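To start, the structure itself, in structure tokens.
The values are calculated or read from the model by the stated rules, or taken from the named source; none is laboratory data. It should be emphasised that the depicted structure is a prediction, and the values quoted were computed from it without experimental measurement. Neighbour counts are summed over all protein chains in view; Cβ atoms, including those assigned to glycine, are modelled from backbone coordinates with ideal geometry. Heads up: the accessible areas ignore ligands, DNA and RNA and are worked out on the full protein's heavy atoms, side chains in. Shrake-Rupley method; radii C 1.70, N 1.55, O 1.52, S 1.80 Å.
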Amino acid sequence: MRSGELTMPRPRKRRVFSVANQKGGVGKTTTTVNIAVALALAGLHVLVIDLDPQGNASTALAVDRTAGTPSIYEVLLGEYTAAEAIQTCPDAPRLGVIPATIDLAGAEIELVTMAERETRLKKAIDGVEAEFDYVFIDCPPSLGLLTVNAMVATREVLIPIQCEYYALEGLGQLLRNIDLVKQHLNPTLDVSTILLTMYDGRTKLADQVANEVRKHFGPKVLASVIPRSVKVSEAPGFSQSVMTYDPGSRGAMSYLDAAREIAARGAKESS
């Protein structure tokens, strides 16, 4: 990967994803970061927008998120353009990141009184002239105004679903909210991609959940499944994605396969 020998096909037009699930701990940020790095290392131009006030994606991609740094908060408020807030990930030169700082925690309250509050992120992204093939927005684990902004700004939703008992609980609520956004704010929105995460092959339960999800969503579910992996969990502690922390690990190979599938679908659908 690091030698640049790995390549993936470009989509015909920019693909913009909201990575969403209001349930916490399902691998949203991990999925955003690792798929983005995999695509960027394969020669594609990728932008990650960290829309989660916890800022975990910014930490994993080793960008500056100290107070006063131009971030997605200032972009939403109109103080900076999106282009002015983009930093480059040190591990992947083709990967741009708009970080989240602690200021974002109060953004939902501030946005409530603003004009066109649901479309502010869309306008910011539309204004980015740079040639990005993929944009991934890491949504907070809630269905509030920040997540609505992400869904209005994107055409595709990527939902990571953990292979555990409570995985399907709350999924109905998420799908209902996506439908509401589709009806009232963004008719082009589509749940295009489902990724099964935290798969433990030793349990029957993991297979049951995986089968249930595949039965319900059909071809939207990627064939690649992300296993439970210590390396995937360790990587953010070193401000890295697992793709650069341990490229040969099972977790890295699984995310690489998932990125390949996303790229292949993009090239196919756009042709």
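In whole angstrom, note down how far apart the Cα centers of the range 21-95 and the range 145-168 are.
16 Å
Could you calculate the contour length gain from R176 to T7, that is, 0.36 nm times the residue separation minus the distance between their Cα atoms, to one decimal place in nm?
57.1 nm
Please say if the range 116-159 is rounded, prolate or oblate, where rounded means a/c under 1.5 for a ≥ b ≥ c the square roots of the C-alpha gyration tensor eigenvalues, and otherwise the choice is prolate for a/b larger than b/c and oblate otherwise?
Oblate is the answer for the range 116-159, as a/c is 1.5 or above yet b/c matches or exceeds a/b.
Provide the net charge surrounding V128, with neighbours chosen by a C-beta distance below 12 Å and charges set as Lys +1, Arg +1, Asp -1, Glu -1. Don't skip to the answer; put the middle values down first.
Working: positive: R14, K122, K123; negative: E84, D126, E129, E131.
Net charge around V128: -1.
Once neighbouring chains are kept in place and the probe is 1.4 Å, which whole percent of the accessible area of the chain is contributed by carbon and sulfur?
Ligands and nucleic acids excluded, carbon and sulfur reach 52 percent.
Once you have a ≥ b ≥ c as the square roots of the Cα gyration tensor eigenvalues for the range 130-243, tell me rounded if a/c is under 1.5, and otherwise prolate or oblate according to whether a/b is larger than b/c.
It is oblate, given that a/c is not under 1.5 and a/b is not larger than b/c.
Can you order the peptides 259-265, 217-223, 132-138 by their average number of other Cβ atoms within 10 Å per residue, highest first?
Top to bottom by mean Cβ count within 10 Å: 132-138, 259-265, 217-223.
Students often get this wrong, so check it: of K23/K204; K182/K215; K123/K182, which have C-alpha atoms separated by over 19 Å? Each step should come with its number before you reach the end.
Details: K23/K204 22 Å; K182/K215 23 Å; K123/K182 17 Å.
Correct reply: K23/K204; K182/K215.
Using the heavy atoms of the protein chains and a 1.4 angstrom probe, tell me the accessible area per residue for the range 29-71 in square angstrom.
Per residue, the range 29-71 has 23 Å² of solvent-accessible surface.
Among V33, S239, A107, pick out the residue whose Cα is farthest towards the positive end of the charge dipole of the chain, where Lys and Arg carry +1 and Asp and Glu carry -1 on C-beta, about the Cα centre.
So the residue we want is V33.
Sketch the reach of a paramagnetic label on H184 as a point 7 Å from Cα along Cα-to-Cβ, and name the residues of the range 133-154 whose backbone nitrogen lies under 16 Å away.
Residues passing the 16 Å test: 143-153.
So what's the gap between the Cα centers of the range 101-123 and the range 183-211, to the nearest angstrom?
Between the Cα centres of the range 101-123 and the range 183-211 lies a distance of 28 Å.
Name the residue, out of M253, M151, M243, whose mean-square fluctuation peaks in a Gaussian network model built on the chain with Cα pairs under 10 Å.
It is M253.
Could you pull out every residue, at least 5 positions away or on a different chain, whose amide H is within less than 5 Å of the one on F136? Hs are placed 1.01 Å off N in the peptide plane, and Pro or chain starts have none.
F17, L47, V48, I49
Would you mind working out the accessible area per residue for the range 112-252, using a 1.4 Å probe, and quoting it in Å²?
On a per-residue basis, 48 Å².
If R0 is 41 Å, what FRET efficiency do you get for T81 and Q208 from their C-beta distance, rounded to 0.05?
Here the calculated transfer efficiency is 0.30.
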